[in-house]
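See below for the structure under consideration.
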Amino acid sequence: MAEGGEEKLLATVQHIVQTLGSSDTMTEDILRGFSNYDGRLSLDKPHAARTAAASAAAGGGGVVGGGGGGEHSMPESPTLPPPPAAAVSAAAGRPPPVTSMERTVRTLDRQISQFVAMDGLIWADSADADAFLEAVDDLIGTVQELEAAGTNRGLFDRAEELLSRCMLRLEDEFRALIERPDDAAPTAPGGFRSDGSDDDEDFGGGDGYGDEPIPIAKPVTDYDVVIDALSPGSVANVHQIARRMVDAGFGRECAEVYAAARRGFVDESVARLGVRPRTVEEVHASTWEELEFDIARWIPAFNMVFRILIPSERRLCDRVFDGLAPFGDLAFVAAVRTQAVQLISFADAISSSSRAPERLFRVVDMYEAVRDLLPDLDPVFADPYSAALRAEVTAVCNTLGSSIKGIFMELENLIRRDPARVAAQGGGIHPITRYVMNYLRAACGSRQTLEEVMEGDFGAVGGVAIAVDPDRPTSSLAVHIAWIMDVLHKNLDIKSKIYRDPPLACIFLMNNGKYIIQKVNDSELGVLLGDEWIKQMTNRVRRWSMDYQRVTWGKVTTVLQIGGPGVGALPAKAMMQKLRMFNTYFQEIYEAQSEWVIADEQLRVDVRAAVAEAVMPVYSALISRLKSSPETRHDLYIKYTPEDVEACIQHLFEGTAK
C-alpha cells in the first residue's frame with residue numbers, strides 16, 4: 001500500500017477507535033487488538049502522529065483554520081464534528097507523549113505474548129524458536145537498560161513481569177527438550193560411546209524418551225562407556241535456553257528444572273540395575289542371606305552408577321551449561337545426588353550392622369569397589385558443589401575399612417567365647433580350628449586389601465594401594481593374625497582339659513597343631529606369620545608328641561625293664577609278672593587308642609614309629625630272656641609275640657577298634 005493510503009487507513013482506524021473508546025487507555029487497548037492482525041496498525045504511528053500534532057499546536061496554533069486565510073494557509077480539510085465537552089476535558093489531561101522505551105516494551109509484549117500463548121512447542125519450528133530467542137534477547141537488554149536508568153519504575157516493573165512470563169515459557173520449553181526431545185526435532189537413534197570425546201559430529205543420538213525403553217547400560221567390566229542421552233541438536237537448543245535464563249537472572253531456576261528433568265532418567269536407570277532403596281533399620285533387620293543378595297547387586301550397580309551414569313550426566317551437564325558456571329555444577333549435583341546417596345547409604349548401613357565373621361568377604365568386596373573408584377571421582381566431582389558428595393564416598397570407604405577391622409576383632413571374640421563343653425571325638429581336629437584356619441586362609445586371598453586396612457590407610461593416599469612386602473611378618477595384618485593364632489592356641493589348650501585321659505589330650509593338641517601348621521604352610525599365612533612362628537609351632541607339636549610318649553608308654557617301658565644277665569638279674573617269676581603286667585597295660589592301651597585319631601598321615605607314622613622304637617626292643621628282650629630261662633621255657637605262655645605287638649602298634653590311631 002502506498003504511504004498516503006497507509007496514512008488514510010491509520011487515520012480512519014484512529015477515528016473509529018476514538019469514537020468507540022471513552023478513554024486513552026481503551027483506545028490503546030483497541031489499537032493493540034488491531035495490531036495483532038496487521039503490524040501497520042500498531043500504536044507506534046498513531047503516537048508519533050499525536051506527538052507531531054501537539055508540537056505543531058504549540059508552535060502556531062492558528063495556521064490551520066485560524067481565520068486568517070493567509071497566502072500560506074493549507075487547504076481546509078473536511079470539518080469533523082466537534083468532540084464532546086468530556087473528550088475535550090480528557091484531552092486536556094492527557095499524559096505526556098510515549099517514550100521510545102515504552103514503545104519498545106509494548107512491541108516486545110506483543111511479540112512475546114504471541115509465543116507464550118502458543119499451544120505447541122515453540123522449538124518445533126526453528127524459525128519460531130529463533131524469533132522467540134531474539135525477542136527474549138531484546139527484552140533482557142531492555143530490562144537491563146531500565147534498571148540502569150532507574151527513572152521509570154512502572155515501566156521497569158512491567159518489563160520485569162513480561163520477563164517472568166517469558167522465563168516460565170522458557171522453562172517449559174527447556175523441560176520438554178530434555179524430557180521429550182523428539183517432540184522438537186527427530187534425532188537419529190544412538191547408544192553408548194566408548195571414547196568420551198566431545199566432538200559434536202560424533203555425539204550419538206538416542207534420547208531414550210521415545211517409545212523405546214531407556215537405553216541403560218547393562219552390567220559390564222569395561223567402564224569406558226558414555227551414555228549420550230541427548231542428540232547434538234537437542235544439546236544446542238537447551239544450551240541456548242539456559243544461556244538466556246542465566247542472562248535474565250534465572251540461572252538457579254534453570255538448574256532446578258534441568259535437575260528435575262534428568263533426575264527421572266537417573267532414578268529409572270538405577271532401578272533397572274535392581275537396586276532398591278533400603279533404610280538403615282531395614283538393613284539391620286535383614287538376614288545375612290538377604291543382604292548377601294543385595295550386596296551382590298549393589299557392587300555392579302555402584303560401579304555402573306559412579307563409573308558410567310554419573311560421568312555421563314557430568315558430561316551432558318557441562319555441555320548444556322557450557323560457560324554458565326556455577327549453575328551447571330548446581331544442576332549436576334541436584335540431578336545425581338539422590339541416587340548416589342542411596343548407594344552410599346546402603347554401604348554405610350552394612351558397615352554399621354553386625355560384624356559377624358562370615359560377613360568379612362562381602363564387606364571386603366564392597367570396600368574394594370569403593371576404594372578403586374576414588375581416583376576416578378576427582379574429575380567428576382571437582383567443583384565445590386559436588387565436593388561434599390566426593391567426601392561422602394571417601395567417608396563410606398573409611399567406614400567399610402573400619403568394619404573390616406571390627407570383623408577381625410569379632411573373630412577373636414568368637415574364638416574366646418567358643419565353649420569348652422564337647423570334646424572332639426578321638427582327639428581329632430576341633431571344628432573351631434578348621435573354621436578359623438580356613439577363614440584366615442581365605443581372607444589372605446584379599447591380603448593386599450587387608451594389609452591396607454590394618455595399616456589404617458583406608459582407600460590409600462591418592463587411591464594408590466600400598467605395596468605389600470612379601471618378607472614382612474611384622475606388618476599390622478601379620479601381628480593381628482599372630483594374635484588370633486595365639487587366642488586360638490589358648491582356646492584349644494582349654495578344650496584339651498576336657499579329656500579325662502591325659503594322653504588323649506596330647507593327641508588332641510597334636511592333631512590341631514599339625515592342622516594349623518599345614519594351613520599356614522600352603523597359604524600366604526606362612527608369609528605373614530614367618531618362619532620363626534612356624535618353627536615354634538612345630539616345636540609345640542613335637543613337645544606334645546613327647547608328652548604322649550611319656551604319659552602313655554612310660555609305665556610300659558618301665559615294666560619291661562629286666563636288667564642284664566648274670567648277677568642281679570631278675571628271677572624267672574619276676575619276669576613272668578612283668579610279662580603279665582605288660583599284657584594288661586598293652587591291651588588297655590590298644591583297645592582305647594585304636595579308637596583315637598591322628599588325622600595327618602605323616603604325623604601318625606611318626607608317632608607309631610616312636611612308640612615302636614620305645615617298646616619293641618625291651619619287649620623283645622623280655623621274651624627272649626623268658627624263652628631262654630630253664631624255669632619258664634616249658635610252661636611259657638606268650639599272649640603277644642613281638643610281631644603281634646608291632647602289628648598292633650601299626651593299627652593305633654585309625655579311629656576303629658582292632
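One line per residue, one yes/no per condition, for (1) modelled with pLDDT under 95; (2) in contact with a strand residue (DSSP E or B) (Cβ under 7 Å, 6 or more places away or on another chain):
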position	(1), (2)
280	yes, no
300	yes, no
307	yes, no
312	yes, yes
323	yes, no
332	no, no
343	no, no
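Go over the candidates 293, 265, 321, 302 one by one and state the one that is aromatic (Phe, Trp, Tyr) and free of Cβ contacts under 8 Å to residues at least 24 places away in the same chain.
Working: 265 fails: free of Cβ contacts under 8 Å to residues at least 24 places away in the same chain; 321 fails: free of Cβ contacts under 8 Å to residues at least 24 places away in the same chain; 302 fails: free of Cβ contacts under 8 Å to residues at least 24 places away in the same chain.
It is 293.
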Those residues of region 501-530 which are under 14 Å from residue 548 (Cα atoms) and not in a helix (DSSP H, G or I), in sequence order: 501
The one condition in (1) part of a helix (DSSP H, G or I); (2) of a type outside the set (S, T, N, Q); (3) under 13 Å from the mean Cα position of the chain (by Cα) that residue 275 fails to fulfil: (1)
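Scan region 435-492 residue by residue and report those that are in a loop (DSSP other than H, G, I, E, B), hydrophobic (A, V, I, L, M, F, W, C) and either at pLDDT 95 or above or over 27 Å from residue 515 (Cα atoms) (or both).
Start the filter on region 435-492 by keeping residues that are in a loop (DSSP other than H, G, I, E, B), which leaves 455-460, 464-475.
Checking the rest, the ones that are also hydrophobic (A, V, I, L, M, F, W, C) come to 458, 460, 464-468.
Within region 435-492, 458, 460, 464, 465, 466, 467 meet the criteria.
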In region 130-157, the residues that are open to solvent by 60 Å² or more (accessible area, probe 1.4 Å) and of a type in the set (Val, Ile, Thr): 151
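Could you please let me know if residue 541 is more than 18 Å from residue 437 (Cβ to Cβ) and surrounded by 14 or more Cβ atoms within 10 Å (Cβ to Cβ)?
Values: more than 18 Å from residue 437 (Cβ to Cβ): no; surrounded by 14 or more Cβ atoms within 10 Å (Cβ to Cβ): yes.
Answer is no for this residue.
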Contacts under 7 angstrom Cβ, first residue in region 441-452 being within 15 Å of residue 400 (Cα to Cα), partner polar (S, T, N, Q), 6 or more apart: 451/475
Some residue of region 521-532 being buried (at least 19 other Cβ atoms within 10 Å of the Cβ) and more than 20 Å from residue 481 (Cα to Cα): no
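Does region 315-328 hold any residues that are crowded, with 22+ Cβ neighbours inside 10 Å and assigned to a helix (DSSP H, G or I), and which are they? Reasoning before the result, please.
Residues of region 315-328 that are crowded, with 22+ Cβ neighbours inside 10 Å, as a first pass: 316-317, 320-321, 327-328.
Correct list: 316, 317, 320, 327, 328.
From the list 552, 558, which residue is open to solvent by 30 Å² or more (accessible area, probe 1.4 Å), assigned by the TED database to the domain that holds residue 583 and of a type in the set (Ser, Thr, Tyr)?
Working: 552 fails: open to solvent by 30 Å² or more (accessible area, probe 1.4 Å).
Only one candidate passes the filter, namely 558.
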Tally, over region 370-405, of residues that are more than 14 Å from the chain's Cα centre (by Cα), within 19 Å of residue 360 (Cα to Cα) and open to solvent by less than 10 Å² (accessible area, probe 1.4 Å): 3
The listed residue being acidic (Asp, Glu) and touching a residue at least 24 places away in the same chain (Cβ under 8 Å), out of 455, 412: 412
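Out of everything in region 344-363 that is part of a helix (DSSP H, G or I) and more than 14 Å from the chain's Cα centre (by Cα), what residue ends up being nearest to residue 309 (Cα to Cα)?
Only one residue fits best here, namely 362.
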Close pairs (7 angstrom Cβ cut-off, 6 or more residues apart or separate chains): open to solvent by 60 Å² or more (accessible area, probe 1.4 Å) in region 116-129, not β-branched (Val, Ile, Thr) anywhere: 124/183; 124/184
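Return the residues of region 407-426 that are in a helix (DSSP H, G or I) and either open to solvent by 10 Å² or more (accessible area, probe 1.4 Å) or hydroxyl-bearing (Ser, Thr, Tyr) (or both); say none if nothing qualifies. Reasoning before the result, please.
Filtering region 407-426 down to residues in a helix (DSSP H, G or I) leaves 407-417, 425-426.
Those that are in a helix (DSSP H, G or I) and either open to solvent by 10 Å² or more (accessible area, probe 1.4 Å) or hydroxyl-bearing (Ser, Thr, Tyr) (or both): 409, 410, 412, 413, 414, 416, 417, 425, 426.
The values are calculated or read from the model by the stated rules, or taken from the named source; none is laboratory data. Treat the numbers as computed from the prediction; the structure is a model and nothing was measured. Using ideal geometry, Cβ is built from the backbone for each residue, glycine included, and neighbour counts are taken over all protein chains shown. Only protein heavy atoms, including side chains, enter the accessible area calculation; ligands, DNA and RNA are left aside. Shrake-Rupley method; radii C 1.70, N 1.55, O 1.52, S 1.80 Å.
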